[in-house]
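Visitor: What follows is a single structure, and I will ask about it in a moment.
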Amino acid sequence: MENQTYALLFGNDVSISPEERERVMAELKKIGSLTFDISTDKDGWTAQCKEVSGIIAGGTDSSPSKDEIESSIRDSIYAAFEVKVEENSPYFTYNDLGANISIAEER
């Protein structure tokens, strides 16, 4: 198929446990794969999953970036499969200027 882009379901999202990833992947194996038809118009864009009709993503930007599309589709998949996200990951966060560094405590 031409003009296809592949994306990792979980990307670099460390807030999803290995057990949760395994659960969702087991559910996806039953379906096969998830492919989306994306359409754009002057009001924005929409992505409709071919295999699961209830998974729909979209936005108001008529020229969305690849990252915007992938992020919105990923959020829709997470919602459809009730992906549990851990609130307190063992990783640190920092602001763009590097002034305030906070490191999550070890569990």
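Visitor: For the condition buried (at least 17 other Cβ atoms within 10 Å of the Cβ), touching a residue at least 60 places away in the same chain (Cβ under 8 Å) and part of a loop (DSSP other than H, G, I, E, B), what is the one hit in Ile73, Ile16, Ile77?
Guide: One residue alone meets the criteria, Ile16.
Visitor: Just to be sure, is Val52 touching a helix residue (DSSP H, G or I) at 6+ places or on another chain (Cβ under 9 Å), part of a helix (DSSP H, G or I), closer than 17 Å to Ile73 by Cα and not aromatic (Phe, Trp, Tyr)?
Guide: Working: touching a helix residue (DSSP H, G or I) at 6+ places or on another chain (Cβ under 9 Å): yes; part of a helix (DSSP H, G or I): no; closer than 17 Å to Ile73 by Cα: yes; not aromatic (Phe, Trp, Tyr): yes.
When the stated conditions are applied, Val52 does not pass them.
Visitor: With respect to the numbered conditions (1) assigned to a loop (DSSP other than H, G, I, E, B); (2) surrounded by 16 or more Cβ atoms within 10 Å (Cβ to Cβ), which one is the sole condition not fulfilled by Ser62?
Guide: Ser62 satisfies all of (1) assigned to a loop (DSSP other than H, G, I, E, B); (2) surrounded by 16 or more Cβ atoms within 10 Å (Cβ to Cβ) except (2).
Visitor: Still on this structure, I have one more. So which residues in the range 32-59 are under 13 Å from Ala80 (Cα atoms) and aliphatic (A, V, I, L, M), if there are any at all?
Guide: Leu34, Val52, Ile55, Ile56, Ala57
Visitor: Sort out which residues of the range 27-51 are of a type in the set (Lys, Arg), loosely packed, with under 11 Cβ neighbours inside 10 Å and under 18 Å from the mean Cα position of the chain (by Cα), and write them in order of number.
Guide: Passing the criteria: only Lys29.
Visitor: With the condition kept exactly as written, say whether any residue in the range 35-42 is in a helix (DSSP H, G or I) and touching a residue at least 12 places away in the same chain (Cβ under 8 Å).
Guide: No, the conditions are met nowhere in the range 35-42.
The numbers here are math on the coordinates, done by the rules we state, and not lab data. Remember, it's a predicted structure, so these values are computed and weren't measured experimentally. Cβ coordinates were reconstructed from backbone atoms using ideal geometry, including for glycine residues, and neighbour counts include every protein chain displayed.
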